[in-house]
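Report on the following structure.
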Amino acid sequence: MVDFAQKPNTRAESKAISSEVEQPRASGGLSRPITRRNFIVWYLAGLLTATLVAIVMPLLVFIYPPEGTAKKKNLPVTLQTPIDKIANGDAVKVEAPKDTGFVMIDGGGDNAPGKIAFAAYAVKDTAGKLSVFAVNCSHLGCSVSLSAADKLFKCPCHGSQFHLNGDVAHGPAAYPLSHLGWKQGANPTQILVQGIQLGGIV
């Protein structure tokens, strides 16, 4: 009768048995099976990733138009009041032409160089120097409006206020309004504001 509980008689036999037991693991014979649960998790993760890409990519194209569709150019805009008739300490609002946007050349907070504004204010300071500011509040991007009586730009969303030179007069905004690049147009009622052609994105 064979005694299956009998231990190997020699160290060589013991080593041989141990080698036979560990061989499948060392040779890679054992692999982790793909369970139904793992498959469902991987499928849902892939589906979620594809959905996010489909939603986010069009928004990125709108915020940062690709080089092929964003052509930098000087945008002609018409002032309601000729430059030489704008009083010192006064401002005139202008809108970007259709399918275009003004490009900010500086900024902080929600604004930054290269971001787009769709309206602006042409402002004459008390010394008669004309500057053009993006309409975007530097706090969270709402459009500011001119309070002619107070000589301030006021944000209707959170109460920020700016002096006519763009500096912050009242928070929560912590940064001034963003400047726009500009130059004189063909006549006193026209200025050329630096912007881009959005290629029908807007």
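The values are calculated or read from the model by the stated rules, or taken from the named source; none is laboratory data. As the structure is a computational prediction, the values presented were derived from the model and not from experiment. Cβ coordinates were reconstructed from backbone atoms using ideal geometry, including for glycine residues, and neighbour counts include every protein chain displayed.
Taking the conditions exactly as written (without any contact (Cβ under 8 Å) to a residue 40 or more places away in the chain and over 26 Å from the mean Cα position of the chain (by Cα)), does Ala87 satisfy them or not? Write out each step before concluding.
Details: without any contact (Cβ under 8 Å) to a residue 40 or more places away in the chain: yes; over 26 Å from the mean Cα position of the chain (by Cα): yes.
In short, yes.
Val193 meets each of the listed conditions (1) at pLDDT below 95; (2) not in a loop (DSSP other than H, G, I, E, B) apart from (1). Among the residues of the range 167-188, those that are assigned to a loop (DSSP other than H, G, I, E, B), without any contact (Cβ under 8 Å) to a residue 40 or more places away in the chain and under 23 Å from Ile116 (Cβ atoms) comprise Asp167, Pro172. Taking the conditions (1) basic (Lys, Arg); (2) closer than 22 Å to Gly171 by Cα; (3) surrounded by 16 or more Cβ atoms within 10 Å (Cβ to Cβ) in turn, Lys124 satisfies each one other than (2). Taking the range 146-178 as the range and being under 25 Å from Pro82 (Cβ atoms) and surrounded by fewer than 18 Cβ atoms within 10 Å (Cβ to Cβ) as the test, the residues that pass are Ser147, Ala148, Ala149, Asp150, Lys151, Leu152, His163, Asn165.
Among the candidates Ala112, Ala134, the residue that is buried (at least 18 other Cβ atoms within 10 Å of the Cβ) and out of contact with any helix residue (DSSP H, G or I) (no Cβ under 6 Å at 6 or more places or on another chain) is uniquely Ala134. Looking across the range 101-160, the residues that are part of a strand (DSSP E or B) and of a type in the set (Ser, Thr, Tyr) come down to Tyr121, Ser131, Ser143, Ser145, Ser147.
For the range 74-100, the set of residues classified as in a helix (DSSP H, G or I) and either under 11 Å from Val123 (Cα atoms) or at pLDDT below 90 (or both) consists of Ile83, Asp84, listed by residue number. Of the residues making up the range 142-154, one or more are touching a Pro at 6+ places or on another chain (Cβ under 7 Å) and assigned by TED's automatic domain parsing to the domain that holds Lys98. Taking the criterion of being under 17 Å from Val132 (Cα atoms) and either not assigned by TED's automatic domain parsing to the domain that holds Asp110 or not polar (S, T, N, Q) (or both), the residues of the range 156-177 that qualify are Phe162, His163, Leu164, Gly166, Asp167, Val168, Tyr175, Pro176, Leu177.
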